[in-house]
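The values are calculated or read from the model by the stated rules, or taken from the named source; none is laboratory data. Nothing here was measured: the structure is a model prediction, and the numbers come from that model. Please note: Cβ atoms are built from the backbone with ideal geometry, for glycine as well, and neighbour counts cover all protein chains shown.
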Amino acid sequence: MQEKRKRIIEDKIPGLLIRLTLPSIIGMLGLMVFNVVDTFYVGRLGAIELAAISFTFPVVMVINSFTLGIGIATMSIFAKAVGNQDRDEERRLATSALLLGLLIAVTVSIIGYLTMEPLFTMLGAGSDLLPYILDYMSIWYIGTIFIVVPMIGDNILRGLGDTKTPSFVMLTVACINLILDPLLIFGLGPFPEMGIRGAAIATVFSRMIASVVSILIQTRREHLISFKTLTISQVLKEWKGLLFLGIPNAAVKAIIPFGAAIFTSILAKYGYEAVAGYGVAAKLEGVVFAIINSLGVTTAVFTGLNLGAKRIDRVKTGIKWCNIYGIIIGMVSAALLYGFGAPLASLFNSDPDIQRTTALYLSIVPISYALYSIGQNGTSILNVYHKPMLVSLQNLFQIGVIAIPLAYLLSNIWGVTGLFIAIGISYIGFGLISLFIVSKTSKKVLV
């Protein structure tokens, strides 16, 4: 661990950032492939099943986002503790974060299970789609604990400066899901055909394996999880710090899928083909966002460790390089999706209307990815600065001020095309406001 810390506060910055980011990209791509594989195989069942799983996407993302908010808070605080070389604080924080994650998982599981039908009805799911949605989510909610535990555990390891091990855990999840999905969905070999329920079971089982691996790494290798000297007052103190950063981050992360839920309800007026096409595009976009988020993780780890070690000069230089890399990632991704959007859409479903919607999205929105990447870097930096309300401000600006109002306005003028234009404009606004806020805040913090 000391070697990782030394490397992050001493190695040359451009190459170091690449070395930190590449393992995260591999792992997060594995996780996004996990989601894309689900969509791919469910799409083979039919357009109705594909539309059903597309309806679950915003709700699943809201729950994941809340957990991720706590995970990001853990990583940000943890990185500074590592920079300060406070081993006792690391153990208290890791153990308390895991306990908080378990509490969140149980609460979400119970509430989610009891509110499935009215929630998805409110989102616009018709009686033809609702049975498929309930089949999927009834299993997914039962396995919520296995979604939460590895998400928090991986962020603890990233806070240590270890971006390779979380990638291994996520790749393990993706590989298991890749194998189980066709077996359980279509009933290959000795397995019964379970359709969309099979996709949910594959998800829960693979995440369960990831949970076991994550806990073993934290307890056996890093010796971070310990209840021996932990008191209730210490747990509550750590929870207070985690929630101070975590709740605004969770709210921010939940805003994005909340926006997706609004977009889904707007698209529902144009038929389930439009919803399904948007769902496919969102999955493909998620692959790009996995890369962008990986860079955001690197930004947080690098900034936190160097800030904790009082290396202000490196923090300033690192922020500049992270934004340069973000622009490159955004531009390359936009070019690839624009060029290959239509062929990619055809892989998921043969319905021409679904394919057209997916290709339309990928021809409009990706132009905004470069600035979106800068916005994500800004979120990571503000978290390390312990400025959660500024994180909330820039994200609320994106969704509440730009995306949702423009979505209603432009969709009434240009239909589906107008909605997608609104999403792209919101990403651009997000990046610009983030640049402004981070610049102003850095002048006060980095003195």
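Yes or no, residue by residue, for (1) in contact (Cβ under 8 Å) with a residue 60 or more places away in the chain; (2) buried (at least 22 other Cβ atoms within 10 Å of the Cβ); (3) closer than 26 Å to Ile428 by Cβ; (4) of a type in the set (D, E, K, R):
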| residue | (1), (2), (3), (4) |
| --- | --- |
| Asp313 | no, no, no, yes |
| Gly330 | no, yes, yes, no |
| Ala335 | no, no, yes, no |
| Pro352 | no, no, no, no |
| Val365 | yes, yes, yes, no |
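Sort out which residues of segment 415-447 are touching a Lys or Arg at 6+ places or on another chain (Cβ under 7 Å) and more than 15 Å from Thr379 (Cα to Cα), and write them in order of number.
Of everything in segment 415-447, just one residue is touching a Lys or Arg at 6+ places or on another chain (Cβ under 7 Å) and more than 15 Å from Thr379 (Cα to Cα), namely Leu446.
Among residues belonging to segment 163-189 that are over 29 Å from Thr21 (Cβ atoms) and outside any helix (DSSP H, G or I), point out the one that is modelled with the highest pLDDT. Here the answer is Gly187.
If I filter segment 244-301 down to residues being closer than 28 Å to Ala97 by Cα and of a type in the set (Phe, Trp, Tyr), which single residue comes out as surrounded by the fewest Cβ atoms within 10 Å (Cβ to Cβ)? Among those residues, the one meeting the criterion is Phe244.
Taking every residue in segment 220-240 that is over 12 Å from Ala94 (Cα atoms) and basic (Lys, Arg) and pairing it with any residue that is part of a loop (DSSP other than H, G, I, E, B) and modelled with pLDDT under 85, at least 6 positions away or on another chain, yields no pair with a Cβ-Cβ distance below 9 Å.
Just to be sure before I move on: is Leu295 touching a residue at least 24 places away in the same chain (Cβ under 8 Å), within 23 Å of the chain's Cα centre (by Cα) and closer than 30 Å to Glu10 by Cα in the structure I sent? Taking the combined requirement at face value, the residue satisfies it.
In this entry, Ile381 is excluded by the filter for residues that are surrounded by fewer than 22 Cβ atoms within 10 Å (Cβ to Cβ) and touching a residue at least 24 places away in the same chain (Cβ under 8 Å). Being in contact with a Ser or Thr (Cβ under 6 Å, 6 or more places away or on another chain), part of a helix (DSSP H, G or I) and touching a residue at least 60 places away in the same chain (Cβ under 8 Å): is that true of Ile25 here? Yes.
For first residues located in segment 163-177 and crowded, with 20+ Cβ neighbours inside 10 Å, partners that are polar (S, T, N, Q) and lie 6+ apart or on another chain with Cβ distances below 7 Å form the pairs Thr163/Ser24; Ser167/Ser24; Val169/Ser214; Val173/Ser206; Asn177/Thr203; Asn177/Ser206.
When both residues are 6+ apart or on different chains and their Cβ atoms are under 8 Å apart, which pairs have a first residue that lies in segment 44-73 and is surrounded by fewer than 22 Cβ atoms within 10 Å (Cβ to Cβ) and part of a helix (DSSP H, G or I), and a second that is among the polar types (S, T, N, Q) and at pLDDT below 85? As it stands, the answer is Ala47/Asn349, since those pairs meet every condition given.
Anything in segment 138-174 that is under 22 Å from Val108 (Cα atoms) and among the aromatic types (Phe, Trp, Tyr)? List them, or say none. Those that are under 22 Å from Val108 (Cα atoms) and among the aromatic types (Phe, Trp, Tyr): Trp140, Tyr141, Phe146. Restricting the search to helices (runs of 4 or more DSSP H) fully inside segment 86-162 and requiring at least 3 residues that are surrounded by fewer than 17 Cβ atoms within 10 Å (Cβ to Cβ) and not hydroxyl-bearing (Ser, Thr, Tyr) gives 87-114, 116-122, 130-142.
Filtered by the rule that a residue be basic (Lys, Arg) and surrounded by fewer than 20 Cβ atoms within 10 Å (Cβ to Cβ), segment 202-235 gives Arg220, Arg221, Lys228. Quick check on segment 236-245. Is at least one of its residues out of contact with any His (no Cβ under 7 Å at 6 or more places or on another chain), at pLDDT below 90, part of a loop (DSSP other than H, G, I, E, B) and not hydrophobic (A, V, I, L, M, F, W, C)? Checking segment 236-245: not a single residue is out of contact with any His (no Cβ under 7 Å at 6 or more places or on another chain), at pLDDT below 90, part of a loop (DSSP other than H, G, I, E, B) and not hydrophobic (A, V, I, L, M, F, W, C).
Here is a check on your reading of the model: is Ile110 of a type in the set (A, V, I, L, M, F, W, C) and either touching a residue at least 40 places away in the same chain (Cβ under 8 Å) or in contact with a Lys or Arg (Cβ under 9 Å, 6 or more places away or on another chain) (or both)?
So Ile110 fails the test.
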